[in-house]
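Shown next, in C-alpha cells, is the structure this report addresses.
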Amino acid sequence: MIQHLSDKFQTIFHTQQNPRVFFAPGRINLIGEHTDYNGGHVFPAAISFGTYALGHKRADRKLRFYSLNFPDSGIMECSLDELTYQERDEWANFPKGVINYVREAGASITEGMDILFYGNIPNGAGLSSSASIEMVTGVLVDHLFSLALDRMELINIGQQVENQYIGVQSGIMDQFAIGKGKQDYAIHLNTQTRAYQYAPLPMANHVILIINTNKQRTLAGSQYNERRAQCDQALADLQTELVIASLGDLTNEQFEKHRHLITSEVNQKRAKHAVYENQRTMEALERLENTDLIGFGKLMNESHLSLQQDYEVTGIELDTIVTAAWEQDGVVGARMTGAGFGGCAIAIVEKDKVESFKTHVNQAYHTAIGYDATFYVAQIGDGAREITKGVL
C-alpha cells in the first residue's frame, strides 16, 4: 500500500523524491452522541480505516493537493499567501484550513508543499473523514517543518477548521479521538474539561461491526447546526434560573425538575437527549470497567431510541438497520453512530454470529430501503501519526 501510494505521488507530482507518509484514522463513537457540543461526555475510538497523506516541501510558496478519492478534481493549487475558503476548492478546503490556522498560531511555514491524499473511509459515512483529513494534514505539517506542535493544539485547530472555516458547529470529539486514539482502547472524554481516560474494550468473544447505510450525508448541509442552536436556546432558558455552563452539568433529576423553563417543546426534547445521553455515557464507563458488556449494550440501545425519538436524527435507514440488529442472535447492542441523517450504525456482535448477522440485517435493509448496506469489522487503532518506512 505505502509503496503504491509513493509511486502515485511521484507520478502525479512529476518527482523522483520520496515523500514522507502520514496516517490519521477515522472514528466511531460507542455512545455519547450529540453531547460533545453540549458540555457532556463522549466515548469514541479510533479505527483502522482512515486517511493517508504523502508529502514533501517545495522550493516555492505553492501548495498542490491531489486526492486519489477525487481524481476528476485533478491537482488543487493555491499559494501560502492565499488560504481563504473557496467553494471551488471543495475537499481541499480542509487541508487549506489547517495550514491557515497553523500559520495563524505562529508556526513558521515558509515553503509550499505537494500533498497526496488517499482515504479508505467510506465517503459520507459519518466516520469523520473530514476530521481525519484535518488531523493527518496537521501531523504532516508538524513533521515536515519540525514545529513540535502540542497534540492538543492540533486537535483544537482541527475543530477551528470545522467551526470557523467550513462553518459546521461541531464539537471536539472527532479530532480528539483521531488525535489521541489508542489501539484496543476507547476514550472516555469530558468535552467540557477535556479530562479523559482510556478504557479497554473487552472484545475477546465479540466484534464491533460498522454498518454503512450507504445514504450519503453532509454535515454543513444537514440539520446539524439547527440541533446545536436548539440546545443552545434550551440552555439559555435554563440559565434564567440555574447557574450552569452547559447541559452536561445537569443530572436527569435536575433536568426533569427544571425542564418547564425551556419554552419550546421541541427544544425540551433536544435538551432531554443531551442530558440523558450524558448520564448514559458516564454509566457506560462503569459498565466497561466492570467488563459488563451486556449492560453496556443496553445503554447503546437506549441511546439509539433517544436519538430517534428526542433528537430526531436517525431516519428510516438507520432505524431499519438498528431494529433488525436488535432482533439477531448474539447481538449485545446496536445504535447509530456519528451525527446521523444517514451514515453508519454500530453493533457489538458475538464473533461466531457475525456472518448470520450480516445476512439477516442486510435482507431486512434491502427489503425496506431497496439497496444493500455495507459491513465492516472495526479494528480499534492508534491515533494520527507518521508511518514513513522506518519511522514509528
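Could you tell me whether segment 256-279 includes any residue that is among the hydrophobic types (A, V, I, L, M, F, W, C), within 20 Å of H41 (Cβ to Cβ) and surrounded by fewer than 22 Cβ atoms within 10 Å (Cβ to Cβ)?
no
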Checklist entry - Just a yes or no: is a residue in segment 216-230 assigned to a helix (DSSP H, G or I), surrounded by fewer than 17 Cβ atoms within 10 Å (Cβ to Cβ) and either aliphatic (A, V, I, L, M) or in contact (Cβ under 8 Å) with a residue 24 or more places away in the chain (or both)? => result yes
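When you look at L250, is it within 20 Å of Q169 (Cα to Cα), more than 22 Å from the chain's Cα centre (by Cα) and not assigned by TED's automatic domain parsing to the domain that holds E162, yes or no?
On the way: within 20 Å of Q169 (Cα to Cα): no; more than 22 Å from the chain's Cα centre (by Cα): yes; not assigned by TED's automatic domain parsing to the domain that holds E162: yes.
So L250 does not fit the description; no.
Residue-wise test of (1) farther than 30 Å from D142 by Cβ; (2) at pLDDT 95 or above; (3) under 19 Å from the mean Cα position of the chain (by Cα).
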position: T281; (1), (2), (3): yes, yes, yes
position: N290; (1), (2), (3): yes, no, no
position: G295; (1), (2), (3): yes, yes, no
position: L318; (1), (2), (3): yes, yes, yes
position: A373; (1), (2), (3): yes, yes, no
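Each row is one residue, and each column tells you yes or no for (1) crowded, with 16+ Cβ neighbours inside 10 Å; (2) within 22 Å of the chain's Cα centre (by Cα); (3) of a type in the set (S, T, N, Q).
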{"position": "K62", "(1), (2), (3)": "no, no, no"}
{"position": "G74", "(1), (2), (3)": "no, no, no"}
{"position": "T84", "(1), (2), (3)": "no, no, yes"}
{"position": "K96", "(1), (2), (3)": "yes, yes, no"}
{"position": "N100", "(1), (2), (3)": "yes, yes, yes"}
{"position": "A105", "(1), (2), (3)": "no, no, no"}
{"position": "I109", "(1), (2), (3)": "yes, no, no"}
{"position": "S128", "(1), (2), (3)": "yes, yes, yes"}
{"position": "M135", "(1), (2), (3)": "yes, yes, no"}
Checklist outcome for this item: Here the residues within segment 5-49 that are modelled with pLDDT under 95, in a strand (DSSP E or B) and more than 18 Å from the chain's Cα centre (by Cα) are none
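For segment 185-196, check the following and say yes or no: at least one residue is in a helix (DSSP H, G or I), touching a helix residue (DSSP H, G or I) at 6+ places or on another chain (Cβ under 8 Å), modelled with pLDDT under 95 and surrounded by fewer than 23 Cβ atoms within 10 Å (Cβ to Cβ). Break it down stepwise before answering.
First, pick out the residues of segment 185-196 that are in a helix (DSSP H, G or I): none.
Scanning segment 185-196 turns up no residue that is in a helix (DSSP H, G or I), touching a helix residue (DSSP H, G or I) at 6+ places or on another chain (Cβ under 8 Å), modelled with pLDDT under 95 and surrounded by fewer than 23 Cβ atoms within 10 Å (Cβ to Cβ).
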Checklist outcome for this item: Of (1) at pLDDT 95 or above; (2) closer than 23 Å to F145 by Cβ; (3) part of a loop (DSSP other than H, G, I, E, B), Y66 satisfies every one except (3)
Checklist entry - Is it the case that some residue within segment 376-383 is polar (S, T, N, Q), free of Cβ contacts under 8 Å to residues at least 24 places away in the same chain and under 18 Å from H206 (Cα atoms)? => result no
Item to check | Complete set of residues in segment 323-368 that are touching a Lys or Arg at 6+ places or on another chain (Cβ under 6 Å) and either under 20 Å from Q223 (Cβ atoms) or crowded, with 24+ Cβ neighbours inside 10 Å (or both) | outcome: F341, G342, G343
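Just to check your reading of the model, which residue among M282, M336, M300 is in a strand (DSSP E or B) and under 29 Å from E134 (Cα atoms)?
Selected residue: M336, the only one of M282, M336, M300 that is in a strand (DSSP E or B) and under 29 Å from E134 (Cα atoms).
Out of curiosity, is Y52 assigned to a helix (DSSP H, G or I), surrounded by 18 or more Cβ atoms within 10 Å (Cβ to Cβ) and not basic (K, R)?
Details: assigned to a helix (DSSP H, G or I): no; surrounded by 18 or more Cβ atoms within 10 Å (Cβ to Cβ): yes; not basic (K, R): yes.
Here the answer is no, as Y52 does not meet what is asked.
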Checklist entry - Within the group L30, L63, which residue is more than 30 Å from Q309 (Cα to Cα), in contact with a Lys or Arg (Cβ under 9 Å, 6 or more places away or on another chain) and not assigned by TED's automatic domain parsing to the domain that holds L307? => result L63
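Answer yes or no as to whether E111 is in the same structural domain as N18 (by TED's automatic domain parsing), over 24 Å from D382 (Cα atoms), in contact with a strand residue (DSSP E or B) (Cβ under 8 Å, 6 or more places away or on another chain) and in a loop (DSSP other than H, G, I, E, B).
Numbers: in the same structural domain as N18 (by TED's automatic domain parsing): yes; over 24 Å from D382 (Cα atoms): yes; in contact with a strand residue (DSSP E or B) (Cβ under 8 Å, 6 or more places away or on another chain): yes; in a loop (DSSP other than H, G, I, E, B): yes.
Considered against the rule, which asks whether it is in the same structural domain as N18 (by TED's automatic domain parsing), over 24 Å from D382 (Cα atoms), in contact with a strand residue (DSSP E or B) (Cβ under 8 Å, 6 or more places away or on another chain) and in a loop (DSSP other than H, G, I, E, B), E111 comes out as yes.
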Checklist entry - Out of (1) part of a helix (DSSP H, G or I); (2) surrounded by fewer than 16 Cβ atoms within 10 Å (Cβ to Cβ); (3) touching a residue at least 24 places away in the same chain (Cβ under 8 Å), the odd one out for Y371 is which? => result (1)
Checklist entry - Yes or no: D310 closer than 23 Å to H366 by Cβ, more than 20 Å from the chain's Cα centre (by Cα) and in the same structural domain as R228 (by TED's automatic domain parsing)? => result no
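The values are calculated or read from the model by the stated rules, or taken from the named source; none is laboratory data. For clarity, every value in this text was computed on a predicted model and none was experimentally measured. Note that each Cβ is placed from the backbone with ideal geometry, even for glycine, and that neighbours are counted across all protein chains shown.
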